[in-house]
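Written below as structure tokens is the structure these notes are about.
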Amino acid sequence: MASTAHDGRKSRRSFTNLLTCRQILNIMVITGFMFNYMLRVNITIALVEMVYNDTNTTNDDTTVNMRNTTEIRNTGTKYNWDKHATGQIIGSFFWGYILTELPGGRLSEVIGARKVLGFGMGLASIITLFMPMLCNTGYVVVSVFRALVGFCLGASFPALPPLGAKWIPPLERSKFMANLMASALGAAVTMPICGYLIDSLGWESVFYVTGGVGLIWTFVWFALVYDSPAQHPRISDEERNEIEAKIKDGQGSGIKPKHVPWRSFLTSLPVWSIAITHACSVYGYFTLVNQLPLFMKEVYNVSIKKNGFFSSFPYCAKYVMAVLSSWVADRMRKTGKYSTTFIRKSFTLFAVLSPAVCMAIEAIWHINENFSIAIFTLTLFFNGAVVGGYFSNPLDIAPNFSGTIMGLANTFSSLGGWVSATVVAEITSKNGTIEQWKYIFWMLVVVYICGALSFTIFGTGDLQSWNSIKRQSSSITDIKITEMRPLNSTNNKS
């Protein structure tokens with residue numbers, strides 16, 4: 001019977017011999033986070049064509065805030081929404097996003113990341129498909145449903161580390177965490193595609209295409225991905241044994257606690273260093289992701305198609321650096337010449353301090369549109385190295401609670417995303433001149449520096465004692481029982 005079951009598993013596995021289950025997982029995570037960001041940033045470029053240009057300077061709150069005056073052109077319906085309204089639409093995503101970060105990370109540790117990621121993506125895709133219809137009801141309703149999209153997608157990032165803790169050996173986890181940066185690749189693809197769709201079919205098509213793609217991915221995810229090698233029905237015995245053996249060797253013999261040790265968790269400086277640095281880094285990222293199309297339109301008057309094309313450059317650069325830095329970091333760890341702490345701090349310092357320099361250069365010179373795009377591209381290129389630094393650190397210091405750590409970090413970064421959208425809207429509310437944008441760039445310089453210093457001072461790569469409970473050895477107890485037992489007890493009974 002055992003051999004029959006084994007042969008059955010091998011025959012089922014033969015259909016996917018070209019790819020291992022771990023490779024399929026990586027492909028699904030990469031595409032998933034690409035589509036995740038499509039759902040997140042699609043509205044930022046669509047808004048450029050959804051709103052009347054001349055409403056940017058109006059002060060009549062009674063005519064611009066609630067209902068729409070429509071005009072049908074080749075780019076679709078136009079709305080009378082002012083800077084406050086568009087800022088609220090962009091920022092509302094984070095109202096919902098922040099609510100599911102911490103609970104989503106913990107939920108992934110308890111019920112599994114498969115359900116958390118899959119259902120979140122599916123619901124967000126369905127809402128996106130209805131977004132053009134919702135826009136006709138006013139910006140307040142759009143803001144509410146964008147908050148629901150954020151609520152659905154909020155657990156995505158915190159769900160990945162628990163999945164990696166079960167599938168990926170310790171010395172390969174930087175490369176796995178680089179898959180999260182496929183979100184930048186998603187933004188890079190979304191920007192030019194959205195620009196083309198808007199120019200050809202109108203802005204409504206942006207939501208139909210991205211929502212449809214997200215829904216298709218959801219069905220494939222549930223068909224191919226499982227929470228652990230032990231639960232996967234098609235994994236080979238060889239692949240499962242290899243994964244489980246390497247993970248066991250890397251984590252030692254400790255037992256995972258049933259509950260989060262909240263006192264140790266919330267008083268841990270390494271945990272807070274990750275949270276603070278992540279918040280600072282993502283504040284800069286969200287500012288560029290969400291506001292770059294607006295900056296290019298207001299300052300340089302770039303057309304929508306060219307705007308989407310230009311806006312894709314920085315995100316491609318970030319993904320390239322994320323993959324490169326993850327490979328180098330894992331390579332350095334495997335050599336044994338450098339401590340994990342040294343590697344994580346070095347990559348973080350480079351990845352978060354270099355963008356501060358770039359933003360200072362943009363604030364001082366800002367020569368033309370090509371120069372600005374080059375600076376933004378370098379900013380996100382350097383920032384992509386966070387994957388070799390603090391971004392993979394939760395799996396170093398507490399793999400059993402890596403989802404909770406990432407949830408805490410993303411909660412603060414989500415606050416930064418909302419603050420960023422609000423601040424940019426307020427500063428550029430009059431006419432969006434380069435002088436107003438300079439204030440934003442200098443703010444980013446300060447934020448990046450604070451993030452770099454936080455992890456450099458308080459971060460570590462050492463496994464924390466509260467990650468697991470020490471397994472009580474039974475050998476001593478067994479010896480004592482043996483010593484107290486009569487040598488010939490069995491003979492005495494006879």
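Calculate the length of the line joining the C-alpha centroid of the range 266-321 to that of the range 156-197, in whole Å.
Using only Cα atoms, the two centres lie 15 Å from each other.
Would you kindly work out the equivalent ellipsoid of the chain from its C-alpha gyration tensor and give its semi-axes, the square roots of five times the eigenvalues, largest first in whole Å?
Those come to 46, 26, 20 Å.
Based on other C-beta atoms within 10 Å, arrange Lys334, Lys297, Lys438, Lys83 from fewest to most.
Taking fewest neighbouring Cβ atoms as first place, the list is Lys334, Lys438, Lys297, Lys83.
Give me the extension gain from Leu224 to Leu324: residue separation times 0.36 nm, minus the current Cα-Cα distance, reported in nm with one decimal. Present the calculation step by step, with values, prior to reporting the outcome.
Working: separation 100, 0.36 × 100 = 36.00 nm, distance 2.72 nm.
Length gained, Leu224 through Leu324: 33.3 nm.
In a solvent-free Debye calculation with one equal scatterer on each Cα, what is log10 I(q)/I(0) for the range 89-188 at q = 0.10, 0.24 Å⁻¹, listed in the order of the q values?
-0.32, -1.23
How much length would be gained if the chain were fully extended between His259 and Ile469, taking 0.36 nm per residue of separation minus their Cα-Cα distance, in nm to one decimal?
Here the segment from His259 to Ile469 would lengthen by 74.5 nm.
Multiply the residue separation of Leu148 and Phe309 by 0.36 nm, subtract the distance between their alpha-carbon atoms, and state the gained length in nm to one decimal.
Details: separation 161, 0.36 × 161 = 57.96 nm, distance 2.86 nm.
Using 0.36 nm per residue and subtracting the Cα-Cα distance, I get 55.1 nm.
Helix 21-50: angle to the longest alpha-carbon principal axis of the chain, degrees 0 to 90, nearest 10?
With rounding to tens, the tilt is 20 degrees.
Starting from the amide H of Tyr79, placed 1.01 Å from N in the peptide plane, find each other amide H under 5 Å away whose residue is 5 or more places distant or on another chain.
Val51, Tyr52
Over the chain, what is the mean sequence separation of C-alpha contacts under 8 Å (at least six apart), divided by residue count, expressed as relative contact order in percent?
Averaging sequence separation for qualifying contacts and normalising by length gives 24 percent for the chain.
If R0 is 41 Å, what FRET efficiency do you get for Lys430 and Phe130 from their C-beta distance, rounded to 0.05?
Calculated value: 0.75.
With θ taken as phi - 60° and the coefficients 6.51, -1.76 and 1.60, list the Karplus ³J(HN,Hα) couplings across the range 334-348 in order, rounded to whole Hz; mark glycine and proline as x.
5, 5, x, 7, 10, 6, 4, 4, 4, 5, 5, 5, 5, 5, 5
Relative to the longest principal axis of the chain, what angle (0 to 90°, nearest 10) does the C-alpha long axis of helix 475-484 take?
20 degrees
Nearest 10 degrees is fine. How inclined is helix 182-201 to the longest principal axis of the chain, computing both from alpha carbons?
30 degrees
Report, in deg cm²/dmol and to the nearest 500, the calculated mean residue ellipticity at 222 nm for the chain, where each DSSP H run with n ≥ 4 adds -39500 (n - 2.57) and the sum is divided by the residue count.
Details: 23 runs with 361 residues, N = 494.
After summing the helix terms and dividing by residue count, I get -24000 deg cm²/dmol.
Taking neighbour Cβ counts within 10 Å as the exposure measure, how do Arg146, Arg263 sort from fewest upward?
Fewest to most other Cβ atoms nearby, the residues stand as Arg263, Arg146.
Based on the Cβ-Cβ distance from Val110 to Tyr208, what FRET efficiency comes out when R0 is 41 Å, to the nearest 0.05?
About 0.70, to the nearest 0.05.
Could you work out how far apart the two model spin labels at Ile216 and Trp442 are, taking each label as a point 7 Å from the Cα in the direction of the beta carbon, and quote it in nm?
About 4.8 nm, to one decimal.
If you build the Cα gyration tensor of the range 152-246 and take the root of 5 times each eigenvalue, what three semi-axes come out, in whole angstrom, biggest first?
Equivalent ellipsoid semi-axes, largest first: 34, 15, 11 Å.
Bear in mind that the values in this text are calculations on the coordinates, not laboratory data. Just so you know, these numbers come straight off a predicted model, no measurement behind them. Virtual Cβ from ideal backbone geometry, glycine too; neighbours counted across all protein chains shown.
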